[in-house]
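The numbers here are math on the coordinates, done by the rules we state, and not lab data. Nothing here was measured: the structure is a model prediction, and the numbers come from that model. Positions of Cβ are generated from backbone atoms using ideal geometry, with glycine treated the same way; all protein chains shown enter the neighbour counts.
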């Protein structure tokens, strides 16, 4: 099997040549620790780790999977080593942790993290969840909670999980049935219930696992507003920080999944023996039975939802790089334009090139979109200018559903295409692409399904602050078009951008009219929401890669064709043109379909879907 | 796990209410053996077999897979039983065999066969290959060959394979390096070479395996025209029909595949000990070194390529039926239009309904398109009216690439959507849909990749007989539109059909202009071929399901809403409208992109795809 390889050049372009990283590194939070000088060094170091430490365990992990035996879960031993290596050496949770001295800008952290995810998505799921749990405690816990838990989670001693889903409460988390009962000890509750689909819920990576559990306290209101948040360690942590008794958390089993097979997805029973203790995070239910458990969890969600889209991006990118290299080595067939010529590497065939540039365009456009999102989050979280931070926060919130859904849905198609480039061997497990297809599929489901995000867009993000945030977002698009209207050599592209922009405007107004006549139009809102999301995502992705292409055009004009960066810049320009001229026109069609408001989906009787 | 279920009602509709099966059953070949009366009986019987005999082994087969040990391959024992059961009881190869008294019309055979494929794609691959090999011998072999091989293949005693691909010759089969050397015995050759990706190449289903092998005889020209065809039994068959010595065919290994894991995909070495004998089919090389081996194989290919599309359809249909039933049982969330109402089955949610009708529309439109193809093949092969048969042959040839490619590519997307309907549990192997996703992916690759079929369409099918066949095909589309222009209640749909039809006309003319200026335009031909194929396929699929909906409209007008067929007919009408109004508009966008003739894919330097 070919060695793992990744487009570190594109990551360097994003940080060194495209985003305003001077601004980010200049923020108070980062300026003493990081600067432009660190970018290449960090990326180079991690690329080595991705190749030498992480990617070698990926296939084996898929092959062996996790082993469940009497409540215990084992991952392949190489996973334990790699997990601890990354956490202990400062390449893991600490860099994304609010509680860490060395927290990096998301833009920087995520650039190197992308290569590690691509090298082993299953391994990195453990680190991601640990980061998330630690950040929850850091942000909402007491000083004592931080002291007792956070450091041990960041340094690899302990891992962490998020426990939301239950057998009867998935997308509808508000129906969770897990309960929290008061004890004599204030702040300490007895937890009782079952959680499922818990990534890393039981695993032998470390000596303890810190579960962040949503549960309903006594007196808690029904629905999501009544849920509280609890820290539930697998092994109780004594006052002095030492490990105490097991905390009555039982792993009932693990899922046998299509992919991510080295990532343990556990079903957990809390309090089977009425002896599971949890530490309340935040306050007790108010007079109306409301707790802020879910709100606290959701506070972390922008980042982890963009992170899920980023995870999908990393996987489709890795599959694309493997496929492209295979295409340059695999000899098969003769050129269409000259069939008498000798056999050629398949990359010479027009259709293989088309498949490759489609993957390249999607990968680079989605990556650009995602890093805009991380940039907005960096400014929103750590920026000094309050107005700008608020605006960036709004923009990040709009991008979140676009990134999460468009990236995860596109990844399934693009990795399918990577298999197609390989041909028959791509379908075998000897080559790496089929594993990516299997690994990636969950990402359109977890952290909120694609539909949940489509509704988040049309129901919340387009309407929040009376529609002001979405108007800002649209203004930015308009401004890009105006600014580049006379840009030489990109007339066709800007014209296509403008058409797509006008489609999105029309859709926004159409949706406003739906809300204006709910009696007749209400059901059209969810029905067409996924198409609205695709339109917004493709418009933004197209602009992002086109903006990069404009930078690349300036750069390429200053160098010779023999320059080592020449191919990179011309590839960027070609990929941007491909996206704008071949993918973006989908928006025109989607707009037409949305406007037609066909109701056949709603009119079809339910029984017509069912066979027996 | 839910029991296997299938839409037998739609299959009955196709044969009893839509296609002119009176005409087919009236053909000389069939009229003494089959009639309209048999349709329901046969479909009902096989549906029982699919549920009771075939589907129960499907998951286990995936789980256990095939076992390779020292040259021998074992399938799970239930596969041996099921294979023999179907073949011995007349539900297998015999009904599709030219050499069988009881050959059925493809329309009838394939209708019941679809349920068996859906129940276990891996099992049915063995039967399909055996049929193909037997039909090759029947059509091109001598009387002696037929006598020695065909009967034993049809009755389940022996199985069969097709051996085309080699490690260095896949899509480019003309580069095959396997050789055939003359022996003292006329008609008998020594075979030497390696074949890979051979479905059923080694397997313990029966006492012998008859390989149909492409090899180059001495004096054979280079390229595909020099390849001859040879019958190579795994165990030599003596003059008296008894089994003789092993025939020096060695299984080197089996592929570890993403799916179809109970289907043995073997690598075979022929003549490792210089002792592998093959029987020449057809004549020796002519004066120019040409043999007709590949032409003979390709003669069977229309059917098996449509069959591959049909295989994909069966799998996506099965995944859809599972997903729809799950959606009707899984309680989660509250209605968007009435959030205070209680929790509802997820089929009540607009987006779930949208996903289901998208699958339903694709499934039923593609099925309709495929059965038109089988109908054309029945008339072409067995019709009495020569002119009509020739026309049907031309139409079937045009449909072949559309069906093979559109169905297999769409299946990957639709089964991904079936997983999405299930949510998290769809990603686990406890539920059936992830296996279909894994099983189906190979179908866009085998029997010619999607691109090969796109080129077959634009390079051969659109141009054969000076473009006359494609003009016939277009005339039929035009006629459908004209005939239904004033059809009450379908004005929007016919209007959309006409727009799409005009797009395809434009594309046809554009492609003619490419051929007229090859010096500049040659590379656009392969570059946009896959989009041309999608446009033609969606136009034809839309028409096929809309034609069904017109029949359903007449039927539904004659029954009460309480009638047991009411839901079926209204579902058909809704699905047709959905396809025409929500899926078909893709053709307008594709046409626009094709006409734009953007060359960024070609302009991107190859090095820009490669990372290291």
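Things to note:
- Label positions at residue B:512 and residue A:343, each projected 7 Å from the Cα along the C-beta direction, are separated by 3.8 nm.
- A simple spin-label model places pseudo-atoms 7 Å from Cα toward Cβ; at residue A:51 and residue B:51 they are separated by 5.8 nm.
- Axis-proximal residue, chain A, for the rotation superposing A on B (Cβ, Å): A:589, 2
- Exam field: residue B:603 pseudo-label spacings to other copies (7 Å along Cα-Cβ), nanometres: 4.5
- With Cα atoms, 0 to 90° folded angle of helix B:350-382 axis to chain B main axis: 50 degrees
- Relative contact order of the range B:457-597, pairs being alpha-carbon contacts under 8 Å that are 6 or more residues apart, as %: 31 percent
- Extension gain, residue B:488 back to residue B:592 (0.36 nm per residue minus Cα-Cα distance, nm): 34.4 nm
- Computed from label points 7 Å out along Cα-Cβ, the spacing between residue B:85 and residue B:476 is 3.8 nm.
- Calculated FRET value between residue A:299 and residue A:102, using beta carbons and R₀ = 25 Å, to 0.05: 0.65
- Computed from the C-beta positions of residue B:612 and residue A:37 and an R0 of 30 Å, the FRET efficiency is 0.80 to the nearest 0.05.
- The mean count of C-beta atoms from other chains within 10 Å of the C-beta of residues in A:590-601, rounded to a whole number, is 5.
- Angle in degrees between helix A:586-596 and the longest Cα principal axis of chain A, rounded to the nearest 10: 70 degrees
- Rounded if a/c under 1.5, otherwise prolate or oblate - chain A, Cα gyration tensor axes: prolate
- Burial ordering of A:47, B:79, A:126, fewest other beta-carbon atoms within 10 Å first: A:47, B:79, A:126
- Among A:594-604, B:402-412, the peptide with the highest mean count of other Cβ atoms within 10 Å heads the list, and the full ranking is B:402-412, A:594-604.
- Exposure proxy shown here: for A:442, A:127, the number of other Cβ atoms within 10 Å sets the order, fewest to most, as A:127, A:442.
- Distances from residue A:142 to itself in the other copies, using label points 7 Å out along the Cα-Cβ axis, amount to 9.6 nm in increasing order.
- Look at the alpha carbon pairs under 8 Å that are at least 6 residues apart: their mean separation over the length of the range A:389-447 gives a relative contact order of 32 percent.
- Global form of the range A:159-292, assessed from the alpha-carbon gyration tensor, a/c cut-off 1.5: oblate
- With helices as the sole contributors, the protein assembly as shown gives -16500 deg cm²/dmol at 222 nm; each DSSP H run of n ≥ 4 counts as -39500 (n - 2.57), and the sum is divided by every residue.
- Axis of helix A:55-64 versus longest Cα principal axis of chain A: the two differ by about 60°, to the nearest ten degrees.
- Neighbour-count order for B:304, A:242, fewest beta carbons within 10 angstrom listed first: A:242, B:304
- Cβ-vector label at 7 Å, residue B:181, separations to other copies in nm: 8.4
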